[in-house]
1. Which of the numbered conditions does Asp546 fail, given that it passes all the others? Conditions: (1) part of a helix (DSSP H, G or I); (2) among the acidic types (Asp, Glu); (3) open to solvent by 30 Å² or more (accessible area, probe 1.4 Å).
2. For the stretch 15-28, state whether one or more residues are polar (S, T, N, Q) and modelled with pLDDT of 95 or more.
3. I need a count of the residues in the stretch 381-394 that are in a loop (DSSP other than H, G, I, E, B), touching a helix residue (DSSP H, G or I) at 6+ places or on another chain (Cβ under 8 Å) and open to solvent by 30 Å² or more (accessible area, probe 1.4 Å).
4. What tally of residues in the stretch 318-374 results from selecting those that are in a loop (DSSP other than H, G, I, E, B), under 25 Å from Asp481 (Cβ atoms) and not basic (Lys, Arg)?
5. Would you point out which residue out of Asp276, Asp269, Asp265 is of a type in the set (Asp, Glu), open to solvent by 10 Å² or more (accessible area, probe 1.4 Å), modelled with pLDDT of 95 or more and more than 22 Å from Lys122 (Cβ to Cβ)?
6. Of the residues that sit in the stretch 238-253 and are surrounded by fewer than 19 Cβ atoms within 10 Å (Cβ to Cβ) and either of a type in the set (Lys, Arg) or within 24 Å of the chain's Cα centre (by Cα) (or both), which one is nearest to Leu58 (Cα to Cα)?
7. Looking at Leu523, Leu555 in this structure, which one is in contact with a Phe, Trp or Tyr (Cβ under 8 Å, 6 or more places away or on another chain), more than 12 Å from Met590 (Cβ to Cβ) and not small (Gly, Ala, Ser)?
Amino acid sequence: MKKRTAKLTALVLASMMALAGCGGNGGNASSSGNGEASSEELTDLHAYETINREVENLNILNTQTAMDTQVLGNLIDGLLTNDTKGNLQPCLAESYDSEDNITWTFHLREGVKWVDMNGEEKADCTAQDFLTGLEFVLNYHKNGSANISMPCDLIQGAEDYYNYTKSLSEEEGRALTADEGSEFLNMVGISAPDDYTVVYTCVSEKPYFPSVATYQCLYPASQALIDELGIDGFLACNNENMWYNGPYIMTSYIQGNEKVLTKNDAYWDTDSKRFDTVTVHMVESADVAYQLYQSGELDYVGLTESNLNTINNDENHEYHDQLVETLPDKFSYQFHFNFDKMKEDGTPDDNWNKAIANTAFRQSWFYGLNLMTSLQRTNAIDPLACENNAYTMAGLVSFSDGTDYVDRVEELLELPESDGENLRRLDADKAAALKAQAMEELSAEGVTFPVEVDYYVAANNQTAIDSANVLKNAFSDSLGDDYVVLNIKTYVSSLDNEVVVPKLHSFVLNGWGADYGDPQNYLGQETYGEDSAFYSENYSYINDVDASDPAYADLISIYQTYTDMVNAADAITDDLDARYEAYAQAEAYMVENVITMPYYYNVGWELTHVNDYSKIRAMYGIQSSRYVNWETSVDAYTTEQYDAFAASANGASSAE
């Protein structure tokens, strides 16, 4: 599935925030005196986001970015959700079943209501809404190609219907519906035997299909709302005219300033614990967020390197005993190279394009670029907690013997054991040899050195600028100014529109989080010649390069081999261990040839009034952002309390 989850600049601390006067309790130490948090919980949550992560799209079927879905996942419900361990849980579907892993039946709960911004009931949410939602996703003239990857890969006839709509005129395509007797129902493996049953027929055995039901490609949409707004109006819906069936309603949205989510009184899950309001405000940087936490206006804050060091190095600091390490989020971050880069004047950047197409050049980065100082920006106390040597996120899936899939990838890469001080992939001798090889090969092609590397950050985000300077120094110290020079450039408001679409980036630092529980959702984003491969289509632009150019021959061969390996792995459906092994082989091949370069996991430190172990925590889907059933305290949690939370969670996992 093509999804713009990425707009997560890896060097920027992901954050959420509230404005002055909102009344959080940041900075209050626990007053119980016995190592236990106050029993009084927060009724209103005050959160923050950095300005570069503002919501851009409020249509849950059309968006593919985490910054959108972390809000929309609170406003609209899908079939299933997850618990704190990532296990699937009922949501709009009370239960589901399959006898053959091909046909999956979801039994919907009755009484779910669509409401408007004022909480007024508009319609019942029924099985027909899931048909309408999938038709909208798969209709090229309604939704483009957003969110088509999973349905096209998994659901019988979905790709055929997408291609069918693409062959029609816009007027013909937009006239199609999911009504009884429609071409959609004739072609696609989905049906609604009654108002509260939805049946999906997969292209083959898909034992992981229920995990897809946590993601927005299978979300419902009301035809009545689409008719009311029109297709263009529905695509561009806002908080004032959209309909809601989730735990919250967005009662206020001021772009670049704040958004307020208010408890949905008509929500079906009356037993769920929800905040009266969640206020999310935008800030320029994590330092500003820290200042607001200090003044009591935020309920949690991620700490920058300097703030963390200040607190950690002073045992008498008021926050010293409240430092807690964050749990890894579901995102694996990578360097994503642009193989079809343009200069600002719109002409090809041939020097960069030839250089990055050279395998030795890319491998010299993998073995030589020491990013420890960058990891310290996220986790100054334990930077190796952020080390990432694979593409898929750890914890997504495991082999039947309990081995984590990512551990197997690392085993295939033959990485050394950690020495507790250095990144495992670094090899100075190998990096030096690869650098010499690359310079010789590329000089023969007319490449000049140093190669100029353009990296963009938000002009108004000082934290990002500071992190970029740390990265620039890492390039200089590790690879040498005679080889590459990192140019820090800025954009005003949209990395996508100002940089990525015009192809100005040499690389971006993006995070990918899976949409369902299978490696295909990671590795399928980098395949060659496939429209559904998100990064290939939208960041690396490998599909745009001139395949007849000899400079690209080796790179395209690598991509083709990798793509064949991924597709072969995806064809294995009757043996999960064999499936995961085939994917691990493909992923190791991709990393060895540095199609992309693994970067980091987001494990930082924070001050918080929220027990992170009480949140939904799944390594796929969009459920982990839901503000539901959180445990909180009006007094800040302490390090000791978090250690107890961790011990309890790990004990529960072991017991399970």
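1. It fails just one condition, (1).
2. From the stretch 15-28, those polar (S, T, N, Q) are 15, 25, 28; that's our starting set.
This time we only want the ones that are modelled with pLDDT of 95 or more, so: none.
Taking every residue of the stretch 15-28 in turn, none turns out to be polar (S, T, N, Q) and modelled with pLDDT of 95 or more.
3. As a first pass, look at the stretch 381-394 and keep what is in a loop (DSSP other than H, G, I, E, B): 381-382, 388-394.
Checking the rest, the ones that are also touching a helix residue (DSSP H, G or I) at 6+ places or on another chain (Cβ under 8 Å) come to 381, 389-394.
Still in the running and open to solvent by 30 Å² or more (accessible area, probe 1.4 Å): 381, 394.
The number of residues fulfilling the criteria is 2.
4. Taking the stretch 318-374 as the starting set, the residues that turn out to be in a loop (DSSP other than H, G, I, E, B) are 318-319, 323, 326-330, 338-341, 343-347, 349, 357-358, 369-371.
Filter once more, so that each one left must be under 25 Å from Asp481 (Cβ atoms): 338-339, 341, 343-344, 349, 357-358, 369-371.
With the extra rule that they be not basic (Lys, Arg), the set shrinks to 338-339, 344, 349, 357-358, 369-371.
The number of residues fulfilling the criteria is 9.
5. Values: Asp269 fails: more than 22 Å from Lys122 (Cβ to Cβ); Asp265 fails: more than 22 Å from Lys122 (Cβ to Cβ).
So the residue among Asp276, Asp269, Asp265 that is of a type in the set (Asp, Glu), open to solvent by 10 Å² or more (accessible area, probe 1.4 Å), modelled with pLDDT of 95 or more and more than 22 Å from Lys122 (Cβ to Cβ) is Asp276.
6. Taking the stretch 238-253 and keeping what is surrounded by fewer than 19 Cβ atoms within 10 Å (Cβ to Cβ), we get 238, 240-241, 251-253.
Then drop every residue that is not either of a type in the set (Lys, Arg) or within 24 Å of the chain's Cα centre (by Cα) (or both), which leaves 238, 253.
Values: Asn238: 6, Tyr253: 11 Å.
Here the answer is Asn238.
7. Details: Leu523 fails: more than 12 Å from Met590 (Cβ to Cβ).
Result of the check over Leu523, Leu555: Leu555.
Table: residues versus (1) part of a helix (DSSP H, G or I); (2) touching a residue at least 60 places away in the same chain (Cβ under 8 Å).
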position	(1), (2)
Lys430	yes, yes
Met439	yes, no
Thr448	no, yes
Asp454	no, yes
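The values are calculated or read from the model by the stated rules, or taken from the named source; none is laboratory data. Since the structure is predicted, the reported quantities are computational estimates derived from the model, not experimental observations. So basically every Cβ, Gly included, is an ideal-geometry build from the backbone, and we count neighbours across all protein chains shown. Just so you know, the surface numbers come from the protein's heavy atoms only, side chains and all, with ligands and any DNA or RNA stripped out. Shrake-Rupley method; radii C 1.70, N 1.55, O 1.52, S 1.80 Å.
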